[in-house]
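The values are calculated or read from the model by the stated rules, or taken from the named source; none is laboratory data. Note that this is a predicted model, so its numbers are computed, not measured. No Cβ is skipped: glycine too gets one built from the backbone with ideal geometry, and neighbour counts run over all protein chains shown.
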Ligand SMILES: Nc1ncnc2c1ncn2[C@@H]1O[C@H](COP(=O)(O)O)[C@@H](O)[C@H]1O
Ligand SMILES: Nc1ncnc2c1ncn2[C@@H]1O[C@H](COP(=O)(O)O)[C@@H](O)[C@H]1O
Ligand SMILES: Nc1ncnc2c1ncn2[C@@H]1O[C@H](COP(=O)(O)O)[C@@H](O)[C@H]1O
Ligand code: NA
Ligand code: NA
Ligand code: NA
């Protein structure tokens, strides 16, 4: 089946940031996103229970330009202050118009 | 370590569809799948609580041909009627025979 | 935005293995990981409820060499005895020093 | 008890106040949230508790009194969605799908509003008894006094029929079916995802197997066949704590409603007006038809509350499948952010007041 | 009370009916499901409640009566898995791993079946008292009557020993250990993932630290040392609501069983037969050995129920680790879709009936 | 009752034992774990229950007695974080961020420790009554005896003020604000993620809208305005089961503490010592200031417990946002793995003992 190329941006961050991040992502041009509750460990220690806080994993399929804006925004406003990981991948999708 | 190429198909859809979709995926030739509960927002509005319904994220590693059948089936039967997103990626796996 | 290439290793396994796997992953050189609770079906049957046990999905961003060690370790110690799936992908990340 | 007193009694209950606190919490952007699983657990608890107690009460009721109120309930479940549909279509200019989906919600019923109505009447009874004791009309504590209390409730029209939860169950499904039929008849071009087996029979099956219907019908039957003996085994868990659990549930309902308030602008003033006026009209109809069916005042009031209440478990689930082209923003916002709070806060004492007038009691 | 009456009493309890409703719900493809977390929460509640009450009862029991029933319980935990293993291997033609895993399940015990047996006996007592009151033999409400009631229960053999939950705890682990030893002895080529430290000691540790064993042993001790004073602090939460919570749990168990029913074909008629006949044989053995150990009739019946019950918390967890080559389809389907419903629905009154015969009581 | 007895009474309560069992479970690597959602649900239950009961008690209290204890509570909330900060900074050599964050935790309060203190005093009362009944001083069961019991409690200083939960609420926020102000003043180079709007006003809003503060304040008000009538509607759910639910919560708290124990090495001996000595000092201060404010002995003891307790809901959430450079390992380990168990196990009877000395009662 014929698919088109898009970018998948994944942001893993403390759950308190969920609302702020999803608002930003939509404001930067994404048409949607998907969130799951996750736990994790990293430089800021373990985040594996309600006591320590947990994380969310936000994934959004976007055109390359939007992906770049999201990366830039996360790098500027979140990485310096919070426990955040972000990565980007290529994905094949149906119906380009749904995401752009 | 030597890995082989396969396709990873991810379907995000309203949770009511979980059983139907997983049955179809197995029927089309996948040997397994993994499901997680997610929330999200998109063209059909927010799906973030029990009141509005939530989503599931189904991922399955399959050979390219099966990936194509799944994409085609989702495009034909689900996308017109339901809140569904589908994408496909390359992955490297061990033990081809487990997935094909 | 300028990103660097890394490997994303994803391990899907029975939830009883969570602690053992995450310890190994850190011991093999990963700087962090993210875990989500998932259900699934595969060669070992359905793992979709507390009665049957459920699965975890562990993802970790690592340099290629660490990815190879993880794959080798999983192939040697886990795949023969347990319900485990593992795959690897390319990802673009910010700040290489966080992961290497 | 006059209207103002009843109003205060309702407003000052922990349940209603918890709901308001939930709304406020979202307004001040609190990080308070209920996990989904807790919401689901509370829902299951409430449905099972309502069903079991209803079944037990049914097992000690006189069933020959049941058929007329039963017919009244079905009549309401047919009339309300039809009236709603035309109001929304003609006056509100909604399209076929949205009008039908909203009509389905207003014709069907809300188990939590019902539970709150029961709690409200239990509080009314406690108040009446307290007043009578203070006035020296009834003493407290002996068997003779228990009989006096029952007489007192009857005199003030506060005793409701044991089969009320059965009416709740009866009213859940018909309105949804009626609304779907209307949408099918009205839309030639209807494409009910028919290639996917969402045929009419399929939809009916899904409705009857839907979790709220299944739990209510199932536990009504269980309560009925296991009778007094069964009820005594489980009532310490399903009866005494009911209003406390309801308090937690309404806190969560307030959180959800609060988040929905922002959508009020999107749905427009017409739907907000509809979400207030339609319930009042339905309640009046329900009380009148309940009186005609020979029900007690409290029974007729609760039937009025059922008529006024809008579904938010069964109907949304059905509409997602059967009317996928309808927008959840309309039906959820109207039912959750307008009608639910209105009924809980203003509606209950208002309908009680209407019933007192209709029954000419005070 | 004759067998038919006991049968009805059991069948018409809200608990059993909720279980049946759960099975029906999956058959009609209802969207009702319990979140995992609710299942886990209910399990924790039931284990803690059983442990605490058992510990309290133990603290007011005469411990010198305990050692013979204790030995009886251990004997059952050794004999049943051995017999099961050979039956499955010789008659059922199962391979070493599956035979051992299934044997582990049938030798170990189910806390929920135990809880239902306790609930059943409490209902039997209530019935006996009601009958005696109606017959004018006992009056209601005074202290003298409470003593009369106790005498009545004793006369009808309905009083069970306070240390029954201790027997439940004792029987959880041994059978699993025995089954694993058998598998090790029988299979030269056994590869118990030994490179990974799943050595025998490791497995034993995991068994004793497994959540059901840990909660039962832990709260037995807590109940014991905190005694009457402690029990009174927590009993409003762990005692009175027990049967209500059990009702919700059995609803969920019914949902899981219903989903498993499809696997019945896969496991074949032999295992289905085994899942019915083995429990009956074990129950008989348990009742006989309980009588020999000098237990009351009710105590021996509950020991029989323990013998008959198949584990579904401790054993599956242990088998996944210690016998990973065994297929969950066999052991879970047999224990959950065959033996559990059989015990709950038919078994309890049947074993009561057997006990009445064995004790020659009526 | 002497100190050893009180110690035993506390140690042998199911709540404390459940906590210890939780710690042991992690030590033996049990697979027992509580789902997050259950933890959240239990937290919500406890906060709502404490708030509602406190509000109801407030509605029947004499408010003119309230202002002095209220001021005392605020004074503690200002003094404790300042003293803590300088102790940590000067003696412990912690950096500004960590010292401020830990100070915030020790100045604020723990609702669960408070709940356990209430439970402890209720048990003390029950014991005193039992002893008096056994000694023949009070008979059981009549209205006159109830009055005698109240007199007994008063005589032994076991009756605490009805507004204690209000003090809990008052003490939650100020210390956190004080600690943040200190950090701001001390650090020129402070970068409070100020580009992101975490301004001081913003932080204050987040604190007041934080879930524990919101639930406590909200349900205090709800309990207050709905009064006796409201409390009776919900007390079967929020009052009688309280200590049972607390038992489950403390089991989970034990699991979390057990996992944290490994971090004790990381935080070093100074912080462990601080986590024990600071609470004792604060408790002493709290009791003394409580006495000066004219409180009952039990009230002053509970005020001491509040002073001694370290927050683990409101403070961590606030520090994550307002002091992101502080390390959770320090503040969580100290508050959860040192102070919480110390207070629950040793602290309660110790502070009771101190209060008895301070009040010169026995
Ligand atoms: N290398 C990694 N791979 C995957 N997830 C990570 C990695 N490092 C950190 N994370 C996730 O990102 C969160 C914040 O990371 P950190 O800021 O490093 O503490 C962690 O709690 C993990 O969930
Ligand atoms: N661009 C996107 N990236 C990631 N997930 C999306 C995106 N758009 C939609 N989704 C997910 O797919 C679901 C259905 O999408 P929609 O049909 O657009 O409402 C949403 O609830 C989201 O969970
Ligand atoms: N082809 C697949 N794609 C995605 N997930 C899979 C696949 N096969 C197995 N899994 C996951 O891995 C778990 C163990 O697989 P298995 O060992 O095949 O039973 C399953 O329960 C699924 O969650
Ligand atoms: Na209605
Ligand atoms: Na057994
Ligand atoms: Na404090």
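Out of all the residues in the stretch B:69-89, is one or more more than 10 Å from chain A (Cβ to nearest Cβ), closer than 19 Å to residue C:42 by Cα and modelled with pLDDT of 95 or more?
no
Does residue D:299 satisfy the condition of being over 17 Å from residue D:70 (Cα atoms) and part of a helix (DSSP H, G or I)?
No.
Going by the conditions given, is residue E:283 within 15 Å of ligand 5 (Cβ to nearest atom) and under 26 Å from residue E:44 (Cβ atoms)? Please lay out each step first, then the result.
Numbers: within 15 Å of ligand 5 (Cβ to nearest atom): yes; under 26 Å from residue E:44 (Cβ atoms): no.
No: the conditions fail for residue E:283.
Scan E:303, E:277, E:332 and give me the residue that is within 25 Å of residue E:17 (Cα to Cα) and without any contact (Cβ under 8 Å) to a residue 24 or more places away in the chain. Give the steps one after another, and end with the answer.
Values: E:303 fails: without any contact (Cβ under 8 Å) to a residue 24 or more places away in the chain; E:332 fails: without any contact (Cβ under 8 Å) to a residue 24 or more places away in the chain.
None of the other options fit; the residue is E:277.
Filtering the stretch E:123-138 down to residues that are free of Cβ contacts under 8 Å to residues at least 40 places away in the same chain and either surrounded by 19 or more Cβ atoms within 10 Å (Cβ to Cβ) or touching a helix residue (DSSP H, G or I) at 6+ places or on another chain (Cβ under 8 Å) (or both), which residue is farthest from the other protein chains (Cβ to nearest Cβ)?
Ranking the candidates gives E:137 first.
Okay, residues lined up against (1) farther than 18 Å from residue F:222 by Cα; (2) in contact with a helix residue (DSSP H, G or I) (Cβ under 7 Å, 6 or more places away or on another chain); (3) within 16 Å of ligand 6 (Cβ to nearest atom):
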position	(1), (2), (3)
F:37	yes, yes, no
F:48	no, yes, no
F:64	yes, no, no
F:79	yes, no, yes
F:84	yes, yes, yes
F:94	yes, yes, no
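Which is under 30 Å from residue F:353 (Cβ atoms) and more than 8 Å from chain E (Cβ to nearest Cβ), of F:46, F:17, F:12? Full working, then the answer.
Values: F:17 fails: more than 8 Å from chain E (Cβ to nearest Cβ); F:12 fails: more than 8 Å from chain E (Cβ to nearest Cβ).
Selected residue: F:46, the only one of F:46, F:17, F:12 that is under 30 Å from residue F:353 (Cβ atoms) and more than 8 Å from chain E (Cβ to nearest Cβ).
Check the stretch D:214-224 and report whether any residue there is surrounded by fewer than 18 Cβ atoms within 10 Å (Cβ to Cβ) and in contact with a helix residue (DSSP H, G or I) (Cβ under 9 Å, 6 or more places away or on another chain). Outline the logic, then answer.
Step one: filter the stretch D:214-224 for residues surrounded by fewer than 18 Cβ atoms within 10 Å (Cβ to Cβ), giving D:221.
The next check asks that each one be in contact with a helix residue (DSSP H, G or I) (Cβ under 9 Å, 6 or more places away or on another chain); those that pass are D:221.
Yes, the stretch D:214-224 contains a residue that is surrounded by fewer than 18 Cβ atoms within 10 Å (Cβ to Cβ) and in contact with a helix residue (DSSP H, G or I) (Cβ under 9 Å, 6 or more places away or on another chain).
Pick from B:70, B:25, B:93, B:61: which is under 12 Å from the mean Cα position of the chain (by Cα), more than 29 Å from residue D:320 (Cα to Cα) and crowded, with 18+ Cβ neighbours inside 10 Å?
Working: B:70 fails: more than 29 Å from residue D:320 (Cα to Cα); B:25 fails: more than 29 Å from residue D:320 (Cα to Cα); B:93 fails: under 12 Å from the mean Cα position of the chain (by Cα).
Matching residue, one of B:70, B:25, B:93, B:61: B:61.
Here are some conditions: (1) surrounded by fewer than 21 Cβ atoms within 10 Å (Cβ to Cβ); (2) away from ligand 5 (no atom under 15 Å from the Cβ). Residue E:87 meets all but one. Which one does it not meet?
(2)
Inside the stretch E:303-314, can you point out the residues that are at pLDDT 95 or above and either farther than 21 Å from residue E:83 by Cα or in a loop (DSSP other than H, G, I, E, B) (or both)?
So in the stretch E:303-314, the residues at pLDDT 95 or above come out as E:303-310.
Listed by number, the residues that qualify are E:309, E:310.
Can you find, within the stretch B:28-47, the residue that is surrounded by the most Cβ atoms within 10 Å (Cβ to Cβ) among those that are over 30 Å from residue A:29 (Cα atoms) and in contact with a helix residue (DSSP H, G or I) (Cβ under 7 Å, 6 or more places away or on another chain)?
So in the stretch B:28-47, the residues over 30 Å from residue A:29 (Cα atoms) come out as B:28-33.
Subset that is in contact with a helix residue (DSSP H, G or I) (Cβ under 7 Å, 6 or more places away or on another chain): B:28-31, B:33.
Numbers: B:28: 18, B:29: 16, B:30: 23, B:31: 19, B:33: 21.
Checking each candidate, the answer is B:30.
Of the residues E:119, E:151, which is under 24 Å from residue E:10 (Cα atoms), away from ligand 5 (no atom under 16 Å from the Cβ), part of a helix (DSSP H, G or I) and within 14 Å of chain D (Cβ to nearest Cβ)? Full working, then the answer.
Numbers: E:151 fails: within 14 Å of chain D (Cβ to nearest Cβ).
None of the other options fit; the residue is E:119.
Would you confirm whether or not the stretch B:60-68 contains a residue that is touching a helix residue (DSSP H, G or I) at 6+ places or on another chain (Cβ under 7 Å), under 23 Å from residue D:36 (Cα atoms) and either away from ligand 2 (no atom under 16 Å from the Cβ) or within 12 Å of chain A (Cβ to nearest Cβ) (or both)?
No, the conditions are met nowhere in the stretch B:60-68.
Residues that are free of Cβ contacts under 8 Å to residues at least 12 places away in the same chain, farther than 15 Å from residue C:40 by Cα and within 10 Å of another protein chain (Cβ to nearest Cβ): does the stretch B:6-15 have at least one?
no
Taking the criterion of being over 28 Å from residue F:323 (Cβ atoms) and more than 16 Å from ligand 4 (Cβ to nearest atom), would at least one residue in the stretch A:52-59 satisfy it?
Taking the stretch A:52-59 first, the residues over 28 Å from residue F:323 (Cβ atoms) are A:59.
Now restrict to residues that are more than 16 Å from ligand 4 (Cβ to nearest atom): A:59.
Yes, the stretch A:52-59 contains a residue that is over 28 Å from residue F:323 (Cβ atoms) and more than 16 Å from ligand 4 (Cβ to nearest atom).
Evaluate the following for residue B:34: is it more than 14 Å from chain A (Cβ to nearest Cβ) and more than 16 Å from ligand 2 (Cβ to nearest atom)?
Values: more than 14 Å from chain A (Cβ to nearest Cβ): no; more than 16 Å from ligand 2 (Cβ to nearest atom): yes.
It is false that residue B:34 is more than 14 Å from chain A (Cβ to nearest Cβ) and more than 16 Å from ligand 2 (Cβ to nearest atom).
Of all the helices (runs of 4 or more DSSP H) wholly in the stretch F:196-293, which have at least 3 residues that are at the interface with another protein chain (Cβ under 9 Å from one of its Cβ atoms) and closer than 30 Å to residue A:17 by Cβ?
On the way: elements: F:200-209, F:211-238, F:242-260, F:263-292.
It comes to F:200-209, F:211-238, F:242-260.
Can you tell me which of (1) under 21 Å from residue F:72 (Cβ atoms); (2) surrounded by fewer than 23 Cβ atoms within 10 Å (Cβ to Cβ) is the one residue F:286 doesn't meet?
Just one mismatch for residue F:286, condition (2).
So which of E:250, E:246, E:285, E:264 is away from ligand 4 (no atom under 16 Å from the Cβ) and over 19 Å from the mean Cα position of the chain (by Cα)? Spell out the reasoning first.
Working: E:250 fails: over 19 Å from the mean Cα position of the chain (by Cα); E:246 fails: over 19 Å from the mean Cα position of the chain (by Cα); E:285 fails: over 19 Å from the mean Cα position of the chain (by Cα).
Exactly one of E:250, E:246, E:285, E:264 is away from ligand 4 (no atom under 16 Å from the Cβ) and over 19 Å from the mean Cα position of the chain (by Cα), namely E:264.
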